[in-house]
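Shown next, in structure tokens, is the structure this report addresses.
Every read-out reported here was derived from the displayed coordinates using simple, explicitly stated rules and does not represent laboratory data. All figures in this text were calculated on a predicted structure; none of them were measured in a lab. When we count neighbours, we look across all protein chains shown, and the Cβ atoms used for this are built from the backbone with ideal geometry, even at glycine.
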Amino acid sequence: MNKGMIKVSVFYPNAEGKKFDMDYYCNTHLPLVGELIGDALKGATIEKGLGGATPGSQATYVAMGNMYYNSIEEFQNAFGPHASQIMGDLPNFTDIEPVIQISEVVL
């Protein structure tokens, strides 16, 4: 991604007894988000947590989704009208409360 772009990261903290359906997240949720957001979404990645810093330790996050936009305004204008539909889809793949961070790509 290019310097100055906005990255919206959605982190799903790993916790005992929580569910996360990676297949649904990759093959249903992300395409839904892409369809609703449209051309404002410049790229996306999904990461699956495998482990922590020490061998054999649990990953801090079971999954991370990253979406890239040209500006915060483009993100807000594209996401805002569809926020309830996008957030309403979460129970279909997880019972984890996501943590969201908006960042600027600096390198």
Proximal charge balance of F79 [Cβ under 14 Å; K/R count +1, D/E count -1] = -3
Return the sequence-ordered ³J(HN,Hα) values of segment 26-34 in whole Hz as given by the Karplus equation 6.51 cos²θ - 1.76 cosθ + 1.60 applied to θ = phi - 60°, using x for Gly and Pro.
-> 6, 9, 10, 5, 4, x, 4, 4, x
Once a ≥ b ≥ c are taken as the square roots of the eigenvalues of the Cα gyration tensor of the chain, is the result rounded (a/c under 1.5), prolate (a/b larger than b/c) or oblate (a/b not larger than b/c)?
-> oblate
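What does the charge count near M5 come to, summing +1 for each Lys or Arg and -1 for each Asp or Glu among other residues with Cβ under 15 Å from its Cβ? Let's see the in-between values first.
On the way: positive: K3, K7, K42; negative: D39, E73, E74, E104.
Summing Lys/Arg as +1 and Asp/Glu as -1 gives -1.
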If amide H atoms are modeled at 1.01 Å from N in the peptide plane, then the residues at a separation of 5 or more from Y61, or on another chain, having amide H under 5 Å from its own are N14
List the residues whose amide H sits under 5 Å from the amide H of S71, counting only those 5 or more places along or on another chain, with H placed 1.01 Å from N in the peptide plane.
-> I6
Using the Karplus curve 6.51 cos²θ - 1.76 cosθ + 1.60 with θ = phi - 60°, work out ³J(HN,Hα) for each residue of segment 3-12 in order, rounded to whole Hz, and write x for Gly and Pro.
-> 3, x, 5, 9, 10, 9, 9, 10, 9, 10
Springs between alpha-carbon atoms under 10 Å, Gaussian network over the chain: tell me which of A63, A15, A78 tops the mean-square fluctuations.
-> A15
In whole Å, how far is the Cα centre of segment 32-107 from that of segment 5-30?
-> 7
Expected vector for segment 13-25, Karplus 3J(HN,Hα) from phi with 6.51, -1.76, 1.60 and θ = phi - 60°, integer Hz, x for Gly and Pro, equals x, 7, 8, 4, x, 8, 10, 8, 9, 4, 4, 5, 4
Fewest to most Cβ atoms within 10 Å: L107, L50, L90 sort as L107, L50, L90
Cleavage-rule hits (GluC sites (Glu not before Pro)) in segment 1-97: DSSP loop, at most 14 neighbouring Cβ within 10 angstrom | E16
Within the chain, longest stretch clear of exposed trypsin sites (Lys or Arg not before Pro) (DSSP loop, no more than 11 other Cβ within 10 Å) = 20-107
